[in-house]
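The values are calculated or read from the model by the stated rules, or taken from the named source; none is laboratory data. Quantities reported herein were computed from a predicted structural model and do not represent experimental measurements. Here the Cβ positions follow ideal geometry from the backbone for every residue, glycine too, while neighbour counts run over all protein chains shown. These accessible areas exclude ligands, DNA and RNA; they are computed on the full protein's heavy atoms, side chains included. Shrake-Rupley method; radii C 1.70, N 1.55, O 1.52, S 1.80 Å.
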Amino acid sequence: RQQAAEMKRLADKPPPAEVLQQLLAWQQEIDALGDFAAQVEAAKTRFDSRSGRTNKTFRAVRAALKDMCAGARRCMYCEDSCADEVEHLKPKNFYPEAVFAWDNYLYACGPCNGGKSDQYAIIPRRSKKIVKIVRESGVAALPPPAGSPVFLNPRIDDVEKLFFLDLLDTFLLLPNPSATKLLRERTQYTIDVLKLNRESLPEARQEAYENYRDRLEAYIRRREKGDSQAKLDKRIASLKKAAHPTVWQQMKRLHDRVPELAALFAEAPEALGW
């Protein structure tokens with residue numbers, strides 16, 4: 001069975017300086033409230049009122065996040081659906097101090113963002129036990145306990161080494177069996193929270209594999225028939241915008257272990273650089 005990583009580590013491409021300055025000013029407004037419960041309430045209401053598509057600052061935020069997305073604005077979590085929601089890695093309901101923090105944003109699809117919602121967990125200091133953060137209805141908002149996050153952050157975590165995708169059989173996303181027990185638990189927690197093996201996602205990954213393979217076959221046929229480099233370049237650009245780009249990356253990495261891929265890349269070795 002061939003296995004490969006899924007969910008890619010993201011390169012930071014921040015918006016213009018004036019946008020970051022505006023986010024900082026808004027964050028300072030929240031921080032200045034002092035009382036945690038007041039910060040939580042303000043974080044929710046002010047983010048909702050300011051993050052709309054007509055807001056100049058958040059248009060720039062979305063544009064920057066889009067530039068960080070894989071393919072054609074694919075969700076930074078599942079790489080399948082179109083990203084259209086600004087997601088907080090640390091939920092604003094628990095971490096109002098990060099509600100307007102650029103490095104707390106990802107671009108996600110509705111199923112991933114809605115499924116994650118306020119689900120979050122930490123590992124307390126001097127502990128290896130995962131503790132889920134919860135707030136009972138009607139209970140006053142209090143700061144969460146200190147600790148390191150359980151949920152994987154594709155901005156900073158080396159996710160390529162933590163996830164594995166079965167390319168030739170189930171196409172399920174799994175924790176890397178060679179990782180430490182704690183890292184496997186963190187990875188499984190992330191998979192469970194985001195439901196990264198939900199419904200049709202394994203099927204979508206298999207379809208992505210077949211799509212990339214067919215695109216490469218078509219490229220080879222058109223090249224052999226004498227298509228201009230301009231036309232071939234359009235095919236290459238289209239391939240790079242397809243969904244599940246991590247599947248393509250792993251097809252390249254494992255091409256010499258999969259007979260049909262080995263044959264294709266032998267005919268088009270230049271594709272290993274795409």
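Listed values, structure above:
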{"item": "Residue selected from the range 250-274 under the condition in contact (Cβ under 8 Å) with a residue 40 or more places away in the chain and within 23 Å of the chain's Cα centre (by Cα), by the criterion surrounded by the most Cβ atoms within 10 Å (Cβ to Cβ)", "result": "MET251"}
{"item": "Selection count, the range 212-242, where residues are over 25 Å from the mean Cα position of the chain (by Cα), open to solvent by less than 70 Å² (accessible area, probe 1.4 Å) and of a type in the set (Lys, Arg)", "result": "1"}
{"item": "Filter result (within 30 Å of LEU196 (Cα to Cα), outside any helix (DSSP H, G or I) and not hydrophobic (A, V, I, L, M, F, W, C)) within the range 226-274", "result": "LYS241, HIS244"}
{"item": "Subset of the range 55-65 [free of Cβ contacts under 8 Å to residues at least 24 places away in the same chain and open to solvent by 40 Å² or more (accessible area, probe 1.4 Å)]", "result": "LYS56, ARG59"}
{"item": "Residue within the range 175-193 that is modelled with pLDDT under 90 and basic (Lys, Arg) present", "result": "no"}
{"item": "Criterion: more than 11 Å from the chain's Cα centre (by Cα) and over 27 Å from ILE30 (Cα atoms) - qualifying residue of ASP80, ASP84, ASP67", "result": "ASP67"}
{"item": "The range 184-207, residues that are farther than 16 Å from ASN113 by Cα and assigned to a helix (DSSP H, G or I)", "result": "ARG184, GLU185, ARG186, THR187, GLN188, PRO202, GLU203, ALA204, ARG205, GLN206, GLU207"}
{"item": "Among (1) over 29 Å from ARG257 (Cα atoms); (2) touching a residue at least 40 places away in the same chain (Cβ under 8 Å); (3) out of contact with any helix residue (DSSP H, G or I) (no Cβ under 8 Å at 6 or more places or on another chain) - the single one LYS116 does not satisfy", "result": "(3)"}
{"item": "Qualifying residues in the range 18-34 (those that are more than 17 Å from ARG62 (Cβ to Cβ) and among the hydrophobic types (A, V, I, L, M, F, W, C)) - the one surrounded by the fewest Cβ atoms within 10 Å (Cβ to Cβ)", "result": "ALA32"}
{"item": "From LEU182, LEU168, LEU174, residue being more than 24 Å from LEU254 (Cβ to Cβ) and aliphatic (A, V, I, L, M)", "result": "LEU182"}
{"item": "Hits in the range 120-145 (condition: in contact with a Lys or Arg (Cβ under 9 Å, 6 or more places away or on another chain) and closer than 29 Å to GLN22 by Cβ)", "result": "TYR120, ALA141, PRO144"}
